[in-house]
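Engineer: Got a structure for you, written out below as structure tokens; questions coming shortly.
Here, each number is a calculation from the coordinates, and none is a lab measurement. Bear in mind the structure is a predicted one, so any value in this text is a computation, not a measurement. Here the Cβ is made from the backbone with ideal geometry for all residues, glycine too, and neighbour counts use every protein chain on show.
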Amino acid sequence: MMKCKKCKSPLQDGDHFCGYCQTKVVDDPICLDQATPSVEEKESGIRVEYNANRKLLEGSMLPLEFRIHSNEALSEVALSVCSTNKFSAEREVIYFSSGGDIALDVAVPCGSSGTVNLDVSLKARRGDMVLKLHGTCKHEVCPAPSDGEVHINVNQGHAGEVHISNLNKSSTFSDKQTLICELNALEASWKILPTRIVSEVVATNGAQSIVVETENGSIQLVKSNFLTFGRSRDNHVVTRLTGFSSERLDPLNEKNPNRFISGHQCWFHRTDDGVYVVDGDRVGGKPSSSGTFMDGERVFRKKVPDSPVMLSLSNKDVSRTTTYSLRVLASEKGVVLQAPNRSDCVCLWLFGVLEFEGSVYEHRGDAFYRDGVRVCFS
């Protein structure tokens with residue numbers, strides 16, 4: 001491995017400029033073959049590939065493409081890229097099929113032309129573990145002058161420009177839109193992204209979940225000892241109202257209805273005696289700010305009956321548009337949580353074989369099944 005003479009950043013064969021400091025590569029860069037990695041490489045069971053032939057363009061948004069392979073089921077996948085002091089992008093996927101692609105739209109600011117190093121971070125749930133991986137890849141960024149025309153030297157890169165292979169020469173002196181079309185048309189070249197494990201920890205909620213698409217909409221399947229609700233994204237069920245204008249949902253707006261929903265509003269606890277709803281934060285025990293209501297009655301800890309009930313957060317009046325409410329049906333096989341208007345994802349908390357809308361859902365070992373067909377990959 002080679003590194004830049006000036007800033008010591010890693011280089012690859014064929015680089016004309018350093019991706020960090022933009023210094024022209026000299027003939028005698030420093031060799032890093034004997035360098036000791038800061039984090040020991042370990043087998044993760046996950047292989048990440050990236051489209052090494054993807055080119056970016058200053059002042060434009062183009063996608064970076066990644067492909068993820070795993071020998072175990074993954075969920076809650078979060079992928080992010082970051083170029084030091086320049087640009088970044090991230091994307092989250094609740095459920096991910098092995099071998100699937102993830103595209104991240106990257107807005108590249110002006111002044112970023114040249115070869116850039118991108119730090120790639122991958123976070124995913126694997127069973128009861130949360131795995132974090134880190135790697136680095138390189139991409140070329142084309143210059144886009146303010147006059148709207150692109151001037152690229154296809155033979156030799158030099159200051160302010162970059163050598164871009166596989167482009168038609170007619171496109172190297174053209175308008176911006178023509179070049180974007182040309183860049184999007186480049187054939188993909190998939191390469192393995194070298195990664196290392198940053199951390200692997202037990203998931204705090206010990207849950208397994210997956211979202212499946214049915215003829216009636218999305219259904220989230222969950223297997224866990226308990227179920228948490230609240231505004232924060234680390235809950236099993238994220239309770240945020242969305243059917244308002246962006247101005248109304250501004251976090252600083254005092255009339256934002258989500259301000260009245262606590263970060264950790266309440267949680268469901270399954271016992272030998274049945275399912276109980278408990279107000280407040282499960283870990284810290286702090287009660288919710290505006291209360292948890294069951295059929296209009298404020299509750300602090302109460303058993304959920306066998307008959308359907310309405311669970312409402314922040315207000316007992318479920319008819320108000322500013323009240324987050326769920327229809328709850330508990331049984332010995334599981335709990336069904338459903339927004340009254342089906343605008344939100346239906347959640348099935350499984351204890352056994354649970355029937356819902358003509359299908360049978362269950363959890364066996366490490367996978368979910370619908371009508372006997374596995375809906376989670378191995």
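Engineer: For the cross-link pairs Lys86/Lys176; Lys123/Lys286; Lys223/Lys316, which exceed 23 Å when the distance is taken from alpha carbon to alpha carbon?
Structural biologist: Over 23 Å Cα-Cα: Lys123/Lys286; Lys223/Lys316.
Engineer: Let me ask something else about it. If I stretch the segment between Gln177 and Arg327 completely, what's the gain in nm (0.36 nm per residue apart, minus their alpha carbon distance), one decimal?
Structural biologist: In short, 49.0 nm is gained.
Engineer: Roughly what would the spin-label model give for Thr242 and Glu357, points 7 Å off Cα along C-beta, in nm?
Structural biologist: Result for the modelled spin labels: 1.6 nm.
Engineer: Now for a separate question. Just round it to a whole percent: the fraction of Cα-Cα distances in region 267-378 exceeding 24 Å.
Structural biologist: Result: 32 percent of Cα pairs exceed 24 Å.
Engineer: Evaluate the distance, in nm, between pseudo-label points positioned 7 Å from the Cα of Glu215 and of Lys138 along their respective Cα→Cβ axes.
Structural biologist: Result: 5.4 nm between the two label points.
Engineer: Applying 1/(1 + (r/R0)^6) with R0 = 30 Å to the Cβ-Cβ distance of Ser80 and Glu297, what FRET efficiency is obtained, to the nearest 0.05?
Structural biologist: For Ser80 and Glu297, the calculated efficiency is 0.10.
Engineer: Here's a follow-up. Assuming R0 = 22 Å, can you tell me the calculated FRET efficiency for the pair Ser88 and Arg233, based on Cβ-Cβ distance, to the nearest 0.05?
Structural biologist: For Ser88 and Arg233, the calculated efficiency is 0.70.
Engineer: If you stretched the chain out fully between Val283 and Lys191, how much longer would it get, using 0.36 nm times the residue separation minus the C-alpha to C-alpha distance?
Structural biologist: Computed gain between Val283 and Lys191 is 28.8 nm.
Engineer: How would you rank 97-104, 277-284, highest first, on the average number of other Cβ atoms within 10 Å across their residues?
Structural biologist: 277-284, 97-104
Engineer: Now for a separate question. Only Lys, Arg, Asp and Glu count, each charged at its Cβ (+1, +1, -1, -1), so figure out the dipole size of region 263-378 about its Cα centre, rounded to 20 debye.
Structural biologist: 300
Engineer: What is region 213-346's relative contact order, in percent, from Cα pairs under 8 angstrom and six or more apart in sequence?
Structural biologist: Answer for region 213-346 is 17 percent.
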